[in-house]
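Here's the structure we're looking at; comments come further down.
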Amino acid sequence: MLIAGFPAGAWGTNCYLVAPAAGEECVIIDPGHQAAPGVEETIARHRLKPVAVVLTHGHFDHTASVLPVCGAHGVPAWLHPADRYMLDDPASALGASIGQPLLGELTVGEPDDLRDLADGTELELAGLRFSVAHAPGHTKGSVTFRLPEADDVPQVLFSGDLLFAGSIGRTDLPGGDHDEILRSLARVCLPLDDSTVVLAGHGPQTTIGRERATNPFLRELAAGRDAATEAAPRRGM
């Protein structure tokens, strides 16, 4: 399997291109703010053919390049319907913390072919099977994508802004809910094997085992307590 990722834009949002191997079809995950040049460079370097864009949630640092990327390659995009409104009105999901000059750089709107994601969906794309889990808390429509273990490749979780190395997504923007993100972490992340590789929306790669042992939020949840500590900083826009 080929997974090529790079950070893009003002928030260093991770965009991933996933394919069975170089020279084959690929899926693009979260082409966000200023990600389009990196997407095209990665496609050319690995000789890939995009067939779909999938989005972990609707915040523009994860979706801002969906229109140019889908348009350039004639591919559909998938997004949970609860976050669909953010494509047309990204400012409504951000509160007052993001300035208008940055928003003014964006081309907003939906791609021509936008499809809904739902909890439990199995997407068969580019010869790969992505399991979708609805994981609200950071936004109402946040989801994760999981690839099963294959041969010597461990299971992979694209966690979006649900889970980071050492932290979790912020819940203070419109649509965020701290209790809800804890429930999502307990339902989506805790049952996974320790060997599961976590590729998050921001920051470095980690594993479920490492986070179960060191992430204060997962440690508290794994211990069966009612709420995770607020001591660690939360990330994501």
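The values are calculated or read from the model by the stated rules, or taken from the named source; none is laboratory data. Worth saying up front: this structure is predicted, and the values here are computed from it rather than measured. As a convention, Cβ positions derive from the backbone with ideal geometry for all residues, glycine included, and neighbour counts pool all protein chains shown. Note: areas computed on protein heavy atoms with side chains; ligands, DNA, RNA excluded. Shrake-Rupley method; radii C 1.70, N 1.55, O 1.52, S 1.80 Å.
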At 7 Å along Cα-to-Cβ for each site, give me the label-to-label distance between ASP88 and ASP152 in nm.
5.1 nm
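Let a ≥ b ≥ c be the square roots of the eigenvalues of the Cα gyration tensor of the chain; is it rounded (a/c under 1.5), or, if not, prolate (a/b larger than b/c) or oblate? Mind showing how you got there, number by number?
Working: a/c = 1.74, a/b = 1.16, b/c = 1.50.
Oblate.
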Give me the percent relative contact order of the range 107-168, please, defined on Cα pairs under 8 angstrom at least 6 residues apart.
20 percent
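Give me the percent of the accessible area of the chain that comes from carbon and sulfur atoms, probe 1.4 Å, all protein chains in place.
Details: 4660 of 9620 Å².
Carbon and sulfur: 48 percent of the exposed surface of the chain.
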Can you grab the distance from the C-alpha centre of the range 110-180 to the C-alpha centre of the range 1-73, Å, no decimals?
15 Å
Can you give me the distance in nm between label points at ALA44 and ARG210, each placed 7 Å from the Cα along the Cα-to-Cβ direction?
3.2 nm
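With a cap of 16 neighbouring Cβ atoms within 10 Å, and only residues DSSP puts in a loop, list the GluC sites (Glu not before Pro) found in the range 1-79. Please report the intermediate quantities before stating the final value.
Working: sites: GLU24, GLU25, GLU40, GLU41; in loops: GLU24.
In loop regions of the range 1-79 (DSSP not H, G, I, E or B), the sparsely surrounded GluC sites (Glu not before Pro) are GLU24.
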